[in-house]
């Protein structure tokens, strides 16, 4: 199995944890405060990870495009987290997490439009199944 597939499964595993433990961590506080505390932990962890994993020489390779696209990604991440935490505070973890994972539909569309990635019949079938699953779970 290729390394990136292992990383993707590890991401899935830890993302599943985040919903449950975040909901537990927000008992008695607002979603905004919960997100703030969580983000502080993320910042510290990522900075420590960068000290360990990124060579200082690599920083010289940063270009304006890197800052623009990664900055836009950071803003999109922040907005996603704000609304995710608001939904998680009052909604069921399973439903909120599944709807959130519907972001794969947006990612596939944007990858096709911006990155020119191919959309195959297999991808369309998968998108259809994800969409159907989202509708089934989100419908009361």
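Computed quantities for the displayed model
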{"read-out": "Helix-only mean residue ellipticity at 222 nm for the chain, each DSSP H run of n ≥ 4 adding -39500 (n - 2.57), per residue, nearest 500", "value": "-27000 deg cm²/dmol"}
{"read-out": "Spin-label model distance (nm) - residue 118 vs residue 52, 7 Å beyond Cα toward Cβ", "value": "3.8"}
{"read-out": "Residue exposure sequence - 2, 117 - by fewest surrounding Cβ within 10 Å", "value": "2, 117"}
{"read-out": "Mean Cβ count within 10 Å, highest first, over the residues of peptides 47-57, 30-40, 83-93, 102-112", "value": "83-93, 30-40, 102-112, 47-57"}
{"read-out": "Cα gyration tensor, the range 48-95 - rounded (a/c under 1.5), prolate or oblate", "value": "oblate"}
{"read-out": "Contour excess over end-to-end distance, with Cα ends at residue 20 and residue 79 and 0.36 nm allotted per residue", "value": "19.3 nm"}
{"read-out": "Sorted by Cβ neighbour density within 10 Å, fewest at the top, the residues 1, 12", "value": "1, 12"}
{"read-out": "Residue 3/residue 130 FRET efficiency (R0 35 Å; Cβ-Cβ; nearest 0.05)", "value": "0.90"}
{"read-out": "In nm, spacing of pseudo-spin labels at residue 39 and residue 27 (7 Å Cα→C-beta vector)", "value": "2.5"}
{"read-out": "Segment residue 138-residue 99, length gained on full extension (0.36 nm per residue, minus Cα span)", "value": "13.3 nm"}
{"read-out": "Gap separating the Cα centres of the range 1-70 and the range 110-129, nearest whole Å", "value": "26"}
{"read-out": "Relative exposure of 69, 81, judged by other C-beta atoms within 10 Å (fewest first)", "value": "69, 81"}
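None of the figures in this text is laboratory data; all of them are computed from the coordinates on show. Because the structure is a prediction, the values reported are computed rather than measured. Cβ atoms come from the backbone with ideal geometry, glycine included; neighbour counts cover every protein chain shown.
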